[in-house]
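The values are calculated or read from the model by the stated rules, or taken from the named source; none is laboratory data. The shown structure was predicted, so the numbers you read here are calculated from the model rather than taken from an experiment. In case anyone asks, the SASA skips ligands and DNA or RNA and just uses the protein heavy atoms, side chains included. Shrake-Rupley method; radii C 1.70, N 1.55, O 1.52, S 1.80 Å.
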Amino acid sequence: MKTVRLRCVAALLALGLPLLVWGAERQVVDIDVQGMTCPFCVHGLQKSLTKAPEVDRADASLKERKVRVVLRLGAQPDLMRYKQLILDAGFTPGESRISTEETQ
């Protein structure tokens, strides 16, 4: 009987956890970047920014001259760290904006 209850609880948790995450908001940081000139620059910048443990992904745009840093759920942005990572990658960070995006 105890085993059946444990299986029921496990099944409910497995079904319910995705619902808890659905609709949650995560922090997004957009940073203007100067100095990117090629796709290798974009790749290197994205790789550098994903070294921060709270970063889920980084999407750099050569055309728009900016990078979008999407954080893991519940993480708070560290603008100084991201700007330092951009500098360390050989680029110049500019203005930054923080917003939220809903998960799906």
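Data table
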quantity	calculated
Residues that are at pLDDT 95 or above and either more than 18 Å from GLY74 (Cα to Cα) or among the β-branched types (Val, Ile, Thr) (or both), drawn from the range 4-35	VAL28, VAL29, ILE31, ASP32, VAL33, GLN34, GLY35
Residue that is most open to solvent (accessible area, probe 1.4 Å), among those in the range 90-103 that are of a type outside the set (S, T, N, Q) and at pLDDT 95 or above	GLU95
Residues of the range 71-89 satisfying the condition of being open to solvent by less than 70 Å² (accessible area, probe 1.4 Å), over 13 Å from the mean Cα position of the chain (by Cα) and among the aliphatic types (A, V, I, L, M)	LEU85, ILE86, ALA89
Residue check, GLY44 at positive phi and outside any strand (DSSP E or B)	no
